[in-house]
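Asks: There's a structure below that I have some questions on.
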Amino acid sequence: MKRRQFNKLVTGLAAGVCLTALSSLSVQAADPLKVGFVYVGPIGDHGWSYQHDQGRKSVEAEFGDKVKTTYVENVAEGADAQRVIYNLAKTGHKLIFTTSFGFMNPTLKVAKQFPDVVFEHATGYKMAKNVGTYISTTFEGRYVAGYVASQVTKSNKIGYIASFPIPEVIRDINAVQLALNKYNPEAELKVIWVNSWFDPGKEADAANAMMDQGVDVILQHTDSPAAMQAADRRGKYAVGQASDMSSFGPNAHLLSVVDEWGPHYINTVNSVMNGTWKPKANVEGMKEGAIVIPSFNDSIPADVVSHAKELIAGIKDGSVYPFAGPIKNKAGELVVPEGSSLSYEDLEKMNWYVEGIQSDIPK
Amino acid sequence: MIKLEPRGERSSTMAYLSPVLAAVLTMLTGLVVFTLLGVDPVEALITILYVPISDTHGLAELCVKTAPILLCAIGLSVAFKAKIWNIGAEGQLLMGGLFGSYIALQLIEAEGFWVLPLVLIAGALGGMVWSGIAAILKVRFNTNEILTTIMMNYIALNVLLWAVHGPLKDPEGYNFPESALFGESALLPILIDNTRVHFGMALALFAVVAVWVLMSRSFYGFQIKVMGMDAGAARLSGFKEKRLAYFALLLSGGLAGLAGVGEVAGPIGQLIPQISPGYGYAAIIVAFLGRLHPVGILLASLLMALLYMGGEMAQISLGLPLALTGMFQGMLLFYLLACDVLISFRIRLKPKKITPTPPSILASDTQG
């Protein structure tokens, strides 16, 4: 290509870009609120990122053309995250949700550069003038799942596929063990760490390894439905994580602990539109509709289902709290005496196992 | 009928033209795919290839993304020239990040110009230690370096995870797997204000020049090339094969380690579990895409970085799926490999008429 032609092309392209930019400005006189979402996984993971995307869709359904949503999926938690968040802010997004723990520091760095953009970071602990956090209390659902597992297991061996030994994951393992301690102390909880949030291959391997050891109910704190499928093939039970995984193993699927981000996203969009948004740490659970158990498997005995539903009702009205004392640690020392309980601030830093778990937290 | 015919001699014209041809074919296929997806193809190509680098900030980000890929790839090119297949740049990068982070965290309160060089040297050493293990195994025990380096990647990742979940974890970080933020003096200086482009890019460019001088102007580089082309000839000429193998592996490991420490002491600013989204693997592709030539590698790593950024931009402004980036990269490589056939072969549209020799003459020839 000759230089002159090339120059012409470049000028043409540049003019085109300017024109599109101009036209988009004039069309959007009504100025919808642009809302950006950054996902750590692919939206097709049928777990964590998928559920956040469902939340994004419910924002679109609720606000129609008053909002315009954008997402970027599979964003690595390293140097790339900051660029993606920056580009969202730069392209006029006024509210940005960063949906994974590893986006915490990149979010704060970009937030400093864009003081008029609101940021909300999921599962982190650092805040700023324009950065709030949000997390859901998955342990409530996990406790109910632990109860159901304790009732349906025949081998008294329950498996748990865990991702990373951070407080959020450890506290959910503890919630399951506390349910076992209460409802079936004979049952043993086996934990396998796969060091990944989403790795269908490893998750399936972990599930199979545990079933080989006699495990007949599998819980997971990872995002793919691989374990559900593996359990279904071998006629065992599994509990879905983050999204409703019933379609991946109709026979294996006891229940799913589903994250519903929609209510939180809709509230946040509302408060940003009204100008009432303030940075805070949002902790939401069953009461707020952020944690949902949509269905129970038909093969679960009716009395178990009805007690599970009572537990859910109790968690909603506050009469049931998984981390109410007495709670002993793995060594058998009484950490939370009868009558007191662990606060959310305690749970946020939890790095110890409760009594009954045989293995150790990986160091 | 189309027929491939050996050229006999490698065509140097095609060696240069093949990447261009591959790029053009990728663009054309891209146009078709975008049209099928219902997106204005011209707008899509502009969004992917131009918008991400349309301003200073974008260009700076391109450098941020390029630096680690370039450092890894330029190191690998030396090893690959010697036909030493170091697939372990990823692990060497991670170890570089880990070693560098360790020093940075020990010196978190320290101030002074000497902190950063120490951190960088530690990073390079980390990479060299990791590739050095593979070098010892290769030279001493004749172990296949493809297997050892690739397996060392997984070990490196797990060592890194252990460190970041354990000893190097931020004591005030609520038990989350990341280190404390590094002190100011351990961070790479920013080259352009208000951007993230850091000294690592300068290091990478320096490495490109240094490797170019090494490979085309020094006797050592000559020996490496000879060893790659014909190990027997190198041995006969008295070249020290073992020493060259150590050199190639340590150099590529050191540069990958530098890439790793450049990430943690650059844009990230702390040790986290995921410091590389696979730069070490991308570098293998880049090294070959760039024909193992320093300038080619520079261009290829810029292109690779741009494709990543373009993929993000296509998601942000056009709502196109991420899979498209992967497809774009895949297409580019596919076409490049396909076009490379033309270096050693030419296409004949009509088969050359081969006049069959009468068997009788053949027979009489053998008899005679």
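Asks: For chain A, take the longest principal axis of its alpha carbons; what is the angle in degrees between that and the long axis of helix A:262-274, to the nearest 10 within 0 to 90?
Replies: 40
Asks: With an 8 Å Cα cut-off and a minimum separation of 6 or more residues, compute the relative contact order for region A:284-363 in percent.
Replies: 20
Asks: What is the distance in Å between the Cα centres of region B:166-214 and region A:289-363?
Replies: Comparing the Cα centres of region B:166-214 and region A:289-363, I get a distance of 42 Å.
Asks: Using the count of nearby Cβ atoms within 10 Å as a rough guide to exposure, how do B:130, B:162 rank from fewest to most?
Replies: Going from sparsest to densest Cβ surroundings: B:162, B:130.
Asks: Then there's this: Please name whichever of A:167, A:252, B:268 sits farthest to the positive end of the charge dipole of the protein assembly as shown, dipole taken about the Cα centre and charges placed at Cβ: Lys and Arg +1, Asp and Glu -1.
Replies: So the residue we want is B:268.
Asks: Using Cβ contacts closer than 10 Å as the measure, can you line up A:199, B:193 from fewest to most?
Replies: B:193, A:199
Asks: Compare the Cα positions of A:240, A:106, A:332 along the charge dipole of chain A (+1 at Cβ of Lys, Arg; -1 at Cβ of Asp, Glu; about the Cα centre) and return the one farthest towards the positive end.
Replies: A:106
Asks: In straight Cα distance, which lysines are under 26 Å from residue A:68, not counting same-chain residues fewer than 8 positions off?
Replies: Qualifying lysines at Cα under 26 Å: A:34, A:57, A:90, A:94, A:109, A:112, A:129, A:278, A:280.
Asks: Sticking with this one: For residue A:182, which aspartates and glutamates qualify as cross-link partners when the Cα separation must be under 18 Å and same-chain residues fewer than eight apart are set aside?
Replies: Cα-Cα hits under 18 Å: A:140, A:172, A:303, A:310, A:333, A:338, A:355.
Asks: Here's another thing I want to ask about it. Would the protein assembly as shown count as rounded, prolate or oblate if I go by the C-alpha gyration tensor, calling it rounded below 1.5 in a/c and otherwise prolate when a/b exceeds b/c, oblate otherwise?
Replies: prolate
Asks: Now for a different question. Please say if region B:146-204 is rounded, prolate or oblate, where rounded means a/c under 1.5 for a ≥ b ≥ c the square roots of the C-alpha gyration tensor eigenvalues, and otherwise the choice is prolate for a/b larger than b/c and oblate otherwise?
Replies: It is oblate, given that a/c is not under 1.5 and a/b is not larger than b/c.
Asks: Now for a different question. Given 37 °C and 0.692 mPa s, compute D for chain A with the Stokes-Einstein relation, Rh being the Kirkwood radius over Cα pairs; round to the nearest whole µm²/s.
Replies: It comes out at roughly 150 µm²/s.
Asks: For a test of the definition: using alpha carbon positions, the gyration tensor, and the 1.5 limit on a/c, classify region A:186-300 as rounded, prolate or oblate.
Replies: prolate
Asks: Would you work out the relative contact order for region B:74-169, in percent, from Cα pairs under 8 angstrom that are 6 or more residues apart?
Replies: With pairs under 8 Å counted, the relative contact order is 38 percent.
Asks: Read phi for every residue in region A:149-154 and hand back ³J(HN,Hα) as whole Hz from Karplus 6.51 cos²θ - 1.76 cosθ + 1.60, θ = phi - 60°, with x for Gly and Pro.
Replies: Along region A:149-154, the couplings run 4, 5, 8, 8, 5, 9 Hz.
Asks: Report the semi-axes of the equivalent ellipsoid for region B:1-144 in whole Å, largest first, where each axis is √(5λ) for an eigenvalue λ of the Cα gyration tensor.
Replies: Calculated on Cα positions only, the semi-axes equal 39, 28, 13 Å.
Asks: Compute the acute angle (0 to 90°) between the alpha-carbon long axis of helix A:79-90 and the principal axis of greatest extent of the alpha-carbon atoms of chain A; round to the nearest 10°.
Replies: That works out to roughly 50 degrees.
Asks: Could you tell me the relative contact order of chain B? Use alpha-carbon pairs under 8 Å, at least six residues apart, and round to a whole percent.
Replies: 35
Asks: Provide the convex hull volume over Cα atoms per residue for region B:66-311, in Å³.
Replies: Dividing the Cα hull volume of region B:66-311 by its residue count gives 126 Å³.
Asks: Let me ask another. Highest GNM mean-square fluctuation, chain B, Cα pairs closer than 10 Å: which of B:149, B:195, B:56?
Replies: B:56
Asks: Shifting gears a bit: Helix by helix, which DSSP H runs in chain B go 27 Å or more along their axis at the Cα atoms and have an average Kyte-Doolittle hydropathy of 0.0 or more?
Replies: Span-like helices in chain B: B:12-36, B:56-81, B:115-141, B:145-165, B:241-263, B:294-313, B:323-344.
Asks: How far is helix A:48-63 tilted off the main Cα axis of chain A, in degrees rounded to 10, range 0 to 90?
Replies: The helix A:48-63 is inclined about 60 degrees to chain A.
Read-outs throughout are calculated quantities, based only on the coordinates presented, and are distinct from any laboratory measurement. As the structure is a prediction and not an experimental result, all values here were calculated from the model. Glycine also receives a Cβ, built like all others from the backbone with ideal geometry; neighbour counts cover every protein chain displayed.
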